[in-house]
1. Sort out which residues of region A:116-126 are within 12 Å of A:SER152 (Cβ to Cβ) and in a helix (DSSP H, G or I), and write them in order of number.
2. Go through region B:389-417 and give me each residue that's of a type in the set (Asp, Glu) and either under 26 Å from B:ASN434 (Cβ atoms) or under 22 Å from the mean Cα position of the chain (by Cα) (or both).
3. Check B:GLY176, B:GLY202, B:GLY209 and return the single one that is free of Cβ contacts under 8 Å to residues at least 40 places away in the same chain and either of a type in the set (Lys, Arg) or on the phi > 0 side of the Ramachandran plot (or both).
4. Can you tell which of A:LYS62, A:LYS113 is of a type in the set (Lys, Arg) and either within 14 Å of chain B (Cβ to nearest Cβ) or under 16 Å from the mean Cα position of the chain (by Cα) (or both)?
5. Looking only at region B:406-426, filter to residues that are open to solvent by 20 Å² or more (accessible area, probe 1.4 Å) and within 23 Å of B:PRO103 (Cβ to Cβ); which one of those is modelled with the lowest pLDDT?
6. Are any residues in region A:151-192 open to solvent by less than 60 Å² (accessible area, probe 1.4 Å), assigned to a helix (DSSP H, G or I) and more than 7 Å from chain B (Cβ to nearest Cβ), and if so, which ones?
7. For region B:348-405, please list each of the helices (runs of 4 or more DSSP H) lying entirely inside it that holds at least 2 residues being surrounded by 24 or more Cβ atoms within 10 Å (Cβ to Cβ) and of a type outside the set (A, V, I, L, M, F, W, C).
Amino acid sequence: MEKFETVTGIAAPMPLVNIDTDMIIPKIFLKTIKRSGLGVNLFDEMRYDRQGNEIPDFVLNKPQYREASILVAGDNFGCGSSREHAPWALADFGIKVIISTSFADIFYNNSFKNGMLPIVLPQEQVDALMKDAEKGANARMTVDLENQIITSSDGVEFPFEVDAFKKHCLLNGLDDIGLTMEKESSITAFEGAAAQARPWV
Amino acid sequence: MTAPKTLYDKIWDAHVVDQADDGTCLLYIDRHLVHEVTSPQAFEGLRMAGRKVRAPEKTIAVPDHNVPTTLDREDPATMTEDSRIQVAALDKNAKEFGINYYPVTDVRQGIVHIVGPEQGWTLPGMTVVCGDSHTATHGAFGALAHGIGTSEVEHVLATQTLIQKKSKNMKVEITGKLRPGVTAKDITLAVIGATGTGGGTGYVIEYCGEAIRDLSMEGRMTVCNMAIEGGARAGLIAPDETTYEYVKGRPHAPKGAQFEAALAWWKTLFTDEGAHFDKVVTLKGEEIEPVVTWGTSPEDVLPISGVVPAPEDFKGGKIEAARRSIEYMGLTAGQKLTDIAIDTVFIGSCTNGRIEDLRAAAAILKGKKIKDGMRAMVVPGSGLVRAQAEEEGLADIFKEAGFEWRMAGCSMCLAMNPDQLAEGERCASTSNRNFEGRQGYKGRTHLVSPAMAAAAAITGHLTDVRELM
């Protein structure tokens, strides 16, 4: 996995609450057996009409947000299905950070596995960053994971919390499976003990 | 004496392989269910790294999302090319990695969350995961069960563990008795209506109370299935005699002395007196009415006696979301819910595709016909549910009423297969999500119980099923 370094970029505002995984990547695009190439279909039904033409009003179609790498979103972002195609599509589009008041649990975890950082902030702070994002392409935010600080375009700092282990993995681009494999002997020991205690499993 | 524990605490503690100083745990997984949509990239990852499936005997795969439900589905022409490739990839991966597999041609094939319990793979006290958010279903057995993404699918395949931090404990109590015509689906929707789709975020819910105890295993699965729609990582119900009775004799359940040993442990799986819950929600069973959803989020729940709300009835970001929902759904604020005309009825899904659901719908439909022009289908949750329904005469009731009687699969719940709504069509659906486009591009979904779906099929509009009982 690519290492997460400090991101400075354009933030796109998506104030709608409960943006679900069917909106992020509709099911017709789940029929792939690859992880790549989903960015073009990110938010497909909101972004294109039935003929495949861009809907100009949609935020990521606006000239000032086409290169966005940060999303500032409404509450409960990523609710719905477990499809990792949602973070794959966002990452493939170029999104590296999503800021909201809350995320659905599975989406939140899936994001970290794909080098993306979801950040939870209180409502007033998300509102402030939403306003900042609405200024457009000249308003670039910086997200510093190492120091856990978002800096808005006018220099206001917003500290954020992140799980220490997840931060470590993101900063170093670590692959979970490799890390767990190092604990192989503990897993084997657990399996031995469990086979005694619960042989029916 | 140790501190009192919740059911969640007990299952969690029994599965910790390793715990880091910051509380991050390596949790052992007892059952890994797999379907064709969220697994191909995970198997490909194993192959590229030269890894094997660590516990193939604990891994169970079944194709369900893409498969057609028409009677001629063994003809490859019934599937689109990309669906065919996905199902073929699962066939190949199951064979190559030596995991348990129920192909489309097997009568036991069906929706993964219906097949697991039916075959006795799901047992109390287990940890169960699947690359599907409705894995929460298995919590009905007192198993800790939740959905995971594809990276985690690969992690479980390779290591039979997950890296997890413990969630908080939430208790949802449904006191008293349900009134006639009110079902498990109404309970689970009413809870989401009360807590919101984000209300359970960060929690594992334990459902308890008399109304939950009174439910069959099928009803309990319906309740836990939609824990995810309330944002919770998992839903749990403590096992009891109803659970043991359901499990006993299933193909992969323990037998003889092993069953007795298992039973002794299962009987310890309850929340201790005085255990701490971080959040408690209580609803009165008697006050729950048959409910329907009006909007495009499962929290948009109202009793069938209600009216479509106005955006101004809400606060904050929900005002704009409600405005968008009402427009998408083609409704008017103040409109009576029973005045909403329906053109499609879908009975099925991992929420309501079990035998009891089909019985409840058939009881309403018996001797009646669906409204002229109504498109109505029943998609049993598994081949075995289908066979049982035929044996009980339910299939004949559905067919005589005018329903299509289909083969098993996820079908119109998420419309990845050919069963879809066309633009503007409006469906009373027993499934779990009413998101924009969920059942087809610009399709409109009202979530209801099987009995309520049957009632709408007869009258042609959303209907209080109690009027037909």
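1. Taking region A:116-126 first, the residues within 12 Å of A:SER152 (Cβ to Cβ) are A:121, A:125-126.
A:GLN125, A:VAL126, listed by residue number.
2. Filtering region B:389-417 down to residues of a type in the set (Asp, Glu) leaves B:390-392, B:396, B:400, B:404.
Once the filter is applied, which keeps residues that are of a type in the set (Asp, Glu) and either under 26 Å from B:ASN434 (Cβ atoms) or under 22 Å from the mean Cα position of the chain (by Cα) (or both), region B:389-417 yields only B:GLU404.
3. Working: B:GLY176 fails: free of Cβ contacts under 8 Å to residues at least 40 places away in the same chain; B:GLY209 fails: free of Cβ contacts under 8 Å to residues at least 40 places away in the same chain.
Being free of Cβ contacts under 8 Å to residues at least 40 places away in the same chain and either of a type in the set (Lys, Arg) or on the phi > 0 side of the Ramachandran plot (or both) holds for just one of B:GLY176, B:GLY202, B:GLY209, which is B:GLY202.
4. On the way: A:LYS62 fails: either within 14 Å of chain B (Cβ to nearest Cβ) or under 16 Å from the mean Cα position of the chain (by Cα) (or both).
Selected residue: A:LYS113, the only one of A:LYS62, A:LYS113 that is of a type in the set (Lys, Arg) and either within 14 Å of chain B (Cβ to nearest Cβ) or under 16 Å from the mean Cα position of the chain (by Cα) (or both).
5. Applying the filter and picking the extreme gives B:PRO418.
6. Within region A:151-192, the subset open to solvent by less than 60 Å² (accessible area, probe 1.4 Å) is A:151-153, A:155, A:158, A:160, A:162-163, A:165-167, A:169-171, A:173-174, A:176-180, A:186-187, A:190-192.
If we keep only those that are assigned to a helix (DSSP H, G or I) too, we end up with A:165-167, A:169-171, A:176-180, A:186-187, A:190-192.
Those that are open to solvent by less than 60 Å² (accessible area, probe 1.4 Å), assigned to a helix (DSSP H, G or I) and more than 7 Å from chain B (Cβ to nearest Cβ): A:LYS166, A:LYS167, A:CYS169, A:LEU170, A:LEU171, A:GLY178, A:LEU179, A:GLU191, A:GLY192.
7. On the way: elements: B:349-352, B:355-365, B:383-391, B:394-401.
Passing ranges, in order: B:349-352.
The rows are residues; the columns are (1) under 28 Å from B:LEU123 (Cβ atoms); (2) touching a strand residue (DSSP E or B) at 6+ places or on another chain (Cβ under 6 Å); (3) within 14 Å of another protein chain (Cβ to nearest Cβ); (4) open to solvent by less than 50 Å² (accessible area, probe 1.4 Å).
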{"position": "B:GLN19", "(1), (2), (3), (4)": "yes, yes, yes, no"}
{"position": "B:ILE29", "(1), (2), (3), (4)": "yes, yes, yes, yes"}
{"position": "B:ARG51", "(1), (2), (3), (4)": "yes, no, yes, no"}
{"position": "B:GLU57", "(1), (2), (3), (4)": "yes, no, yes, no"}
{"position": "B:PRO63", "(1), (2), (3), (4)": "yes, no, yes, yes"}
{"position": "B:ASP72", "(1), (2), (3), (4)": "no, no, no, no"}
{"position": "B:TYR102", "(1), (2), (3), (4)": "yes, no, no, yes"}
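The values are calculated or read from the model by the stated rules, or taken from the named source; none is laboratory data. These figures come from a predicted structure and were not determined experimentally. No Cβ is skipped: glycine too gets one built from the backbone with ideal geometry, and neighbour counts run over all protein chains shown. The protein model used for the area step is the full one, side chains on, heavy atoms only, and it has no ligands, DNA or RNA in it. Shrake-Rupley method; radii C 1.70, N 1.55, O 1.52, S 1.80 Å.
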